[in-house]
Amino acid sequence: MFKIDVNNVNGKTESLYVYGEQSILTELEEHSILISHSCRQGHCGSCILQLLKGDVLHQDCLVPLSHGEILACQAKPITDIEIGSRD
Ligand code: FES
């Protein structure tokens with residue numbers, strides 16, 4: 001199990017415990033933390049979050065990301081992580 005520390009994403013700061021099998025977007029939704037998204041397929045970039053700690057694995061990612069950015073719809077945690085909103 002991995003811990004996702006949510007640091008002020010859509011006004012929420014809390015810790016989620018997940019198996020790492022679902023995308024971070026889905027995990028957030030299941031905990032009523034709603035972030036903007038559109039395609040859910042790694043194309044649009046509307047779900048970008050900031051990775052503050054830890055590592056994730058991306059599946060399809062067709063959006064250029066800056067250092068520390070992740071696509072919530074395509075990323076799954078592979079360690080404990082901390083995420084925040086994009087600046
Ligand atoms: S929702 Fe489109 S890239 Fe994540």
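Those residues that are within 14 Å of the ligand (Cβ to nearest atom) and part of a loop (DSSP other than H, G, I, E, B), I need them from segment 63-87; list them, please.
Result: V63, P64, L65, A72, C73, Q74, R86.
For the list (1) within 11 Å of the chain's Cα centre (by Cα); (2) in contact (Cβ under 8 Å) with a residue 40 or more places away in the chain; (3) in a strand (DSSP E or B), I need the number of the one condition that K3 fails.
Just one mismatch for K3, condition (1).
List the number of the failed condition for Q41; all other conditions in (1) touching a Phe, Trp or Tyr at 6+ places or on another chain (Cβ under 9 Å); (2) at negative phi; (3) without any contact (Cβ under 8 Å) to a residue 60 or more places away in the chain hold.
In the conditions (1) touching a Phe, Trp or Tyr at 6+ places or on another chain (Cβ under 9 Å); (2) at negative phi; (3) without any contact (Cβ under 8 Å) to a residue 60 or more places away in the chain, Q41 misses (1) alone.
Need pairs with beta-carbon distance below 8 Å; first residue under 16 Å from S23 (Cα atoms) and within segment 57-70, second at pLDDT below 95 and in a loop (DSSP other than H, G, I, E, B); sequence gap 6+ or separate chains.
Hits for this filter: E69/R86.
Of all the residues that make up segment 35-62, how many are within 16 Å of the ligand (Cβ to nearest atom), at pLDDT 95 or above, part of a loop (DSSP other than H, G, I, E, B) and not polar (S, T, N, Q)?
Going through segment 35-62 one residue at a time, the tally reaches 9.
The values are calculated or read from the model by the stated rules, or taken from the named source; none is laboratory data. Keep in mind that what you see is a predicted model, and the values were worked out from it rather than measured. Heads up, the Cβs are rebuilt from the backbone with ideal geometry, glycines too, and the neighbour counts pull from every protein chain shown.
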